[in-house]
Every structure is written in structure tokens, then in C-alpha cells.
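S.K.: Take a look at the following structure, please.
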Amino acid sequence: MTDDRTHRERAHGVDATLRVGKGGIESIADELDSQLDDRELVKVKFLRAARGGTTTDELASSLGERVGAELVETRGNTATYH
């Protein structure tokens, strides 16, 4: 079984394939779920318009719960899911 540290190490070389903007997490939840079916790790960048009055950590956690994905890490405005 792959541990969290290995996921974080692998995430370093992965580019963000999804961007959350003013449409919010609802607009990309299905796409994230679809990409996770095809890949082990998916990175999501949270743009300023999406953050509004909340933090990237809060948005990333909400998106992970909505999709049923494991949040590997958040770094800056980017989150990695498994």
C-alpha cells in the first residue's frame, strides 16, 4: 500500500489539471471524480475568485468530501487528491 509520504513525493511532478474559479467546487466535482478514475493523483488549483472569504484548505477539504477523494496535501493554492 502506498503511504502519504509517497503520494506527496509523486505529487511534486504532477501538474494541476483542474482549476476552480468563480463557479466554485460544484463546477468541477464531476470532472475531478472522472480524472481520479483514470489517474492515481490529481492536482487542483484554486483561483482567487474561488477562494472569496474562505481558505484553500477549507475548499480543498470540502471538494474531497464531495467527491469521496483523499486529500493528500495542500500547498499554496493547490491541492492534490488520491
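Coordinate-derived values only; no laboratory data. Just so it is clear, the structure is predicted and the values come from calculations on it, not from any experiment. No Cβ is skipped: glycine too gets one built from the backbone with ideal geometry, and neighbour counts run over all protein chains shown.
S.K.: For the range 4-81, what is the relative contact order in percent, using Cα pairs closer than 8 Å and at least 6 residues apart in sequence? Each step should come with its number before you reach the end.
M.R.: Details: 105 pairs, mean separation 26.4, N = 78.
Worked out over the range 4-81, it gives 34 percent.
S.K.: With each run of n ≥ 4 DSSP H residues scored as -39500 (n - 2.57), what mean residue ellipticity at 222 nm is computed for the chain after dividing by its residue count and rounding to the nearest 500 deg cm²/dmol? Spell out each step's value before the answer.
M.R.: Working: 4 runs with 34 residues, N = 82.
It lands at -11500 deg cm²/dmol.
S.K.: What ranking of Lys22, Lys43 emerges when the number of other C-beta atoms within 10 Å of each C-beta is taken as an exposure proxy, fewest first?
M.R.: Numbers: Lys22 10, Lys43 20.
Taking fewest neighbouring Cβ atoms as first place, the list is Lys22, Lys43.
S.K.: Taking 0.36 nm per residue of sequence separation and subtracting the Cα-Cα distance, how much length would be gained by fully extending the chain between Arg19 and Glu65, in nm to one decimal? Intermediate results must be reported in sequence, preceding the final value.
M.R.: Details: separation 46, 0.36 × 46 = 16.56 nm, distance 1.74 nm.
Contour length minus the Cα-Cα distance gives 14.8 nm.
S.K.: Along the charge dipole of the chain, Cβ charges K/R +1 and D/E -1, which of Asn77, Leu36, Leu63 sits furthest on the positive end?
M.R.: It is Asn77, whose Cα lies furthest towards the positive end.
S.K.: Okay, next question. In nanometres, what is the gap between the two model label sites at Thr6 and Arg75, each 7 Å from Cα along Cα-to-Cβ?
M.R.: Between Thr6 and Arg75, the simple spin-label model gives 1.9 nm.
S.K.: Amide H to amide H, which residues 5 or more places from Val20 or on other chains are under 5 Å from it, using H placed in the peptide plane?
M.R.: Placed amide hydrogens put Lys45, Phe46, Leu47 under 5 Å from Val20.
S.K.: At 4 °C and 1.567 mPa s, grab the translational diffusion coefficient of the range 4-81 from Stokes-Einstein with a Kirkwood Rh over Cα pairs, rounded to a whole number in µm² per second.
M.R.: Details: Rh = 12.2 Å.
D, rounded to a whole number, is 106 µm²/s.
S.K.: By count of other Cβ within 10 Å, fewest leading, how are Ser62, Ser27 ordered?
M.R.: On the way: Ser62 16, Ser27 13.
In order of increasing Cβ crowding within 10 Å: Ser27, Ser62.
S.K.: Would you look at the GNM of the chain, springs on alpha carbons closer than 10 Å, and say which of Arg39, Arg51, Arg19 moves the most?
M.R.: Of Arg39, Arg51, Arg19, the Gaussian network model singles out Arg39 as fluctuating most.
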